[in-house]
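These notes are about the structure you will find just below.
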Amino acid sequence: MAGITEKGAAGLRVCRKCLLADMKEEDFFRTLRSHIRNIDEDLKVDHTVYEKRLDQCRACDDLISGMCRICGCYVEMRAIMKKNACPRVHPKWQKENVCMNIY
Ligand code: SF4
């Protein structure tokens, strides 16, 4: 069943009422990549760090179909954020120092 759609920031049709089961797989991954692109740059690691993190995930036995078996995250989503770290007891990549201004 189709959900409610609207134009997202990247001009893509974004479904606001669909479960994953209701979305076409290619639409889901396009939406995921669009979401990553639209995250505030201050919250994201730079490209070099991102690729190093993803290289660790690619070589990891806990990566299954783009998801981390330990945390259940899509690793491309988890690895882009400075505040995130690999969830292993002995992490394969670390969080970056993040300065959060809390007033
Ligand atoms: S986040 Fe860590 S545990 Fe998960 S797939 Fe990547 S390297 Fe492996």
Legend entry - In the stretch 72-90, the residues that are among the hydrophobic types (A, V, I, L, M, F, W, C) and either under 11 Å from the mean Cα position of the chain (by Cα) or exposed (fewer than 15 other Cβ atoms within 10 Å of the Cβ) (or both): CYS73, VAL75, MET77, ALA79, ILE80, MET81, VAL89
Inset, instruction - May I ask you to verify whether THR31 is modelled with pLDDT of 90 or more, away from the ligand (no atom under 12 Å from the Cβ) and among the β-branched types (Val, Ile, Thr)? - result: no
Inset, instruction - Scan the stretch 62-82 and give yes if some residue there is at pLDDT 95 or above, more than 15 Å from the ligand (Cβ to nearest atom), assigned to a helix (DSSP H, G or I) and at negative phi, otherwise no. - result: no
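The values are calculated or read from the model by the stated rules, or taken from the named source; none is laboratory data. From a predicted model like this one, the values you see are computed outputs, not experimental measurements. Don't worry about glycine lacking a Cβ; one is built from the backbone with ideal geometry, like all the others, and counts go over all protein chains shown.
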